[in-house]
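Shown next, in structure tokens, is the structure this report addresses.
No lab work stands behind these numbers, since they all come straight from the coordinates. Everything numeric here is computed off the predicted structure, so don't read it as measured data. Because the Cβ atoms are built from the backbone with ideal geometry, glycine has one as well, and the counts that use them run over all protein chains shown.
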Amino acid sequence: MRNGFRQSMAWLHTWTGLLLGWLLFAIFVTGTSSYFQEEITAWMTPEVRSVPADAPHGFAAATRWLAREAPNASEWAIYSAGKRAAGLQLYWANGPDAPAGAPTSARLDGTGRKADARETRGGEFLYRFHYDLHYINWYWARWIVGVAAMAMLVAILSGIVTHKKIIADFFLLRLGKGQRSWLDAHNASSVLFLPFILMITYTGLVSLATHYMPWGIAANYADEGKFFEATFPWPAPPEKAGAAPLTAVAPLVARAERAWGAGAGSVRILNPGDRTAQVIVSTAPDSGMSVRQRSLTFDGVTGTLVSAHNPAGAATATEGTMIGLHAGRFASSMLRALYFLSGVAGCVMVGSGLILWTVKRRARLPDPDRPHFGFRLVEKLNVGAIAGLPFAMAVYFLANRLLPSGATGRSDSEIAAFFIAWSAIFVWAAARPTRSAWTEALAVAAMSFAAVPIVNALTTDRSLVASLAAGDRVFAGFDMAMLLVAAGFGWAAAKAWRRTVSPGAGARKRSTATAAEAA
Amino acid sequence: MIHLLLLLLTAIGFGLLCLSRARHQSDLLGRKLTGKAANRARWGGLFSLALAFFVAGDRIGWAAGTLEWLGAASVGAVSTMLMLSLRSSRNSSR
């Protein structure tokens, strides 16, 4: 009976893992890269240089810029992604007298000057892709991602049941032994990183819980809008009442930071320059473990505190902290590195699981040279997902440097390059024998990653050497990470190539066996 | 510094736990440990991991410290696994 239960769990593990494995791999890879979302965005906008010195002065400088450029706006909003962000993002709502096509957003560098950065979605595209996908409606995308995450949870739990010797095989990694090695790698990456992998899957589901289970809201609020209004208050600017000078913003930001003991991340100013002006200061995304932001509202003329918003209910705090754990925005650089490594382990787990499916079945094929359609399909999809997605990311970075910086719809072209590259690997895998396709796809991924720092050095003045000399950790770190990833793919390509020239030990054993039979 | 100390403590912890396993001893040391020595390695390993947890909580704070301890423990376990894998492949090729 017990054996029967374990077998049914193994079946569940195999098929939930396979069916959604390719999507899960893409979610894991792009999600893992998002731990360095701000750094990726910084690298993709090389025109933006300095980082703001401190929040009060940065926000004050941005306010002065807005007073000059959009004095009649009904609302100004200034956002900072926190300590790691390069520059500030500004948005404003133009007054009725502004021309129709007037700009409503700008990016400032750390000194408070407008940064003429190339148009790019930067790291945000990869971040959004990991739960909203792309080219399809976000509503359905989140359902698809949710189904994948649920399948992941099922695969993890059934995997734990299936794994007979978690404790006995805890430290085992036997290399160069074909199927045995793939199984060890799959086990090691999941068992040794189990706390992270369980946490990230569960909290990922929690972060979209109101999307998947809206009934709690439906039972208590007239409509969803009312719920979000109560949870995330977003006051609209009132009717203007007559000019009055705006109070200084820096002291308000400093006061808010003192009150919280945490950094400020955004300032919204309603009706600037009017008697009804309000200044709303909110905490930065990296200011605490919970993602739910606290805010203070000040009178925009006198600077007195009007109200405070502090989402402190136990359920809100739990939910906010779970999402915070998932996103890791609060993390110190060491913890961020550990988050990233754990994410890489998750990618290895999903990737090795997908490969294991084919490795296990190849030995049992009636004719290994002409496998059935399902087997071939899985093999081709594996190449496209595991080698293709990283290649697409390298192409995304290359496109950022190579597309002309003034072109219209530039950010969309970067994203198009990403998907064209990714599809190309699927087509290539379908057209070529699988073993050669693996070697070629891995090699082209390695070359593209290696090309990123080279193209960066040729197209900007922020080469790896220049960044190292200037002590620029973000740019130097990005370029070195690209080289490291290139080396990893190069190693994998060499491994795959050696296998195509001299087929593995298993195949040799089989051929000697048939030779013996023939004799 | 504290981060390096955590990585060191968790690597020692899992290294000792690995050493307490009869099946890994000849790969790591080239000989079997006595029951008493293996016991000592097991408790030493658990103590090192527990110490890392308290150091992390005390120095980094219990919330972020627990997270960092879990992350460091994973890295410590992986480094132990890689060391064992390296030693056993060297032993078997000899």
* Can you list the HN-Hα couplings for segment A:410-418, worked out from phi with the Karplus curve (6.51, -1.76, 1.60; θ = phi - 60°), rounded to whole Hz and with x for Gly and Pro? -> 4, 5, 5, 5, 4, 5, 4, 4, 4
* Debye, to nearest 20: dipole size of the protein assembly as shown, +1 on Lys, Arg Cβ, -1 on Asp, Glu Cβ -> 3420
* Hey, with R₀ at 25 Å, roughly what FRET efficiency would A:W15 and A:L208 work out to, going by the Cβ-Cβ distance, to 0.05? -> 0.55
* Asked: Given R₀ = 25 Å, FRET efficiency for B:T66-A:N310 by Cβ-Cβ distance, to 0.05?
  -> 0.55
* May I ask which residue of A:F373, A:L402, A:F391 lies farthest towards the positive end of the charge dipole of segment A:371-519, with charges of +1 (Lys, Arg) and -1 (Asp, Glu) on Cβ and the Cα centre as origin? => A:F373
* **Size of charge dipole - segment A:228-360 - debye, nearest 20, with Cβ of Lys, Arg +1 and Asp, Glu -1, no other charges** => 280
* Ranking of A:D169, A:D479 by count of other Cβ atoms within 10 Å, fewest first -> A:D169, A:D479
* To do: Compute from the Cα atoms of segment A:402-489 the Rg and the Dmax, the latter being the longest Cα-Cα distance, and quote both in angstrom.
  => 15.7, 47
* Once you have the alpha carbon radius of gyration of segment A:185-338, what is it after dividing by 2.2 N^0.38 Å, with N set to its residue count? -> 1.31
* Using just the helices of chain B, give the 222 nm mean residue ellipticity in deg cm²/dmol: DSSP H runs with n ≥ 4 each add -39,500 (n - 2.57), and the total is spread over all residues, rounded to 500. => -31000 deg cm²/dmol
* Dipole of segment B:2-93, Cα-centred, from +1 at each Lys and Arg C-beta and -1 at each Asp and Glu C-beta, to the nearest 20 debye? -> 560
* Structure fact -> Per principal axis, largest first, the Cα atoms of the protein assembly as shown extend in Å by 101, 59, 58
* Take every Cα-Cα distance within segment A:52-179, group them into 10 Å bins from 0 onward, and report for each bin the whole-number percent of pairs it holds. => 10, 23, 20, 19, 12, 10, 5, 0
* Structure fact -> Projecting the Cα atoms of A:T459, B:L33, A:L354 onto the charge dipole of the protein assembly as shown, where Lys and Arg contribute +1 and Asp and Glu -1 at Cβ, the residue farthest towards the positive end is B:L33
* To do: Arrange the following residues from fewest to most other Cβ atoms within 10 Å of their Cβ: A:E379, A:E229.
  => A:E229, A:E379
* **Pairs beyond 19 Å (Cα-Cα), from A:K177/A:K360; A:K114/A:K240; A:K360/A:K380; A:K164/B:K32** => A:K114/A:K240; A:K164/B:K32
* Given chain A, longest segment not containing exposed loop trypsin sites (Lys or Arg not before Pro) (DSSP; at most 11 other Cβ within 10 Å) -> A:166-363
* **Relative frequency of Cα-Cα separations exceeding 26 Å in segment A:143-270, percent** => 58
* To do: Report, in deg cm²/dmol and to the nearest 500, the calculated mean residue ellipticity at 222 nm for chain A, where each DSSP H run with n ≥ 4 adds -39500 (n - 2.57) and the sum is divided by the residue count.
  => -20000 deg cm²/dmol
* Asked: Is the shape of segment A:290-360 rounded, prolate or oblate, going by the alpha carbon gyration tensor and its root eigenvalues a ≥ b ≥ c, with a/c under 1.5 for rounded and a/b larger than b/c for prolate?
  -> prolate
* Structure fact -> Lys and Arg at +1, Asp and Glu at -1: neighbours of A:I454 with Cβ under 11 Å from its Cβ sum to 0
* Which percent of Cα pairs goes in each bin when the distances of segment B:2-93 are cut into 10 angstrom slices starting at zero? -> 19, 42, 27, 11, 1
* Structure fact -> As straight-line cross-link partners of A:K495, the qualifying aspartates and glutamates (C-alpha separation under 14 Å, not fewer than 8 residues apart within one chain) are A:E440
* **Taking the C-alpha atoms of segment A:232-309, convex hull volume expressed per residue in Å³** => 74
* **Range of Cα positions in segment A:371-519 per principal axis (Å), largest first** => 70, 34, 18
* Structure fact -> Counted neighbours (other Cβ, 10 Å), sorted fewest up, put B:L6, A:L398, B:L86, A:L194 in the order B:L86, A:L194, A:L398, B:L6
* Structure fact -> Among segment B:7-26, those whose backbone N falls under 18 Å of a label point 7 Å along Cα→Cβ from B:K36 are B:20
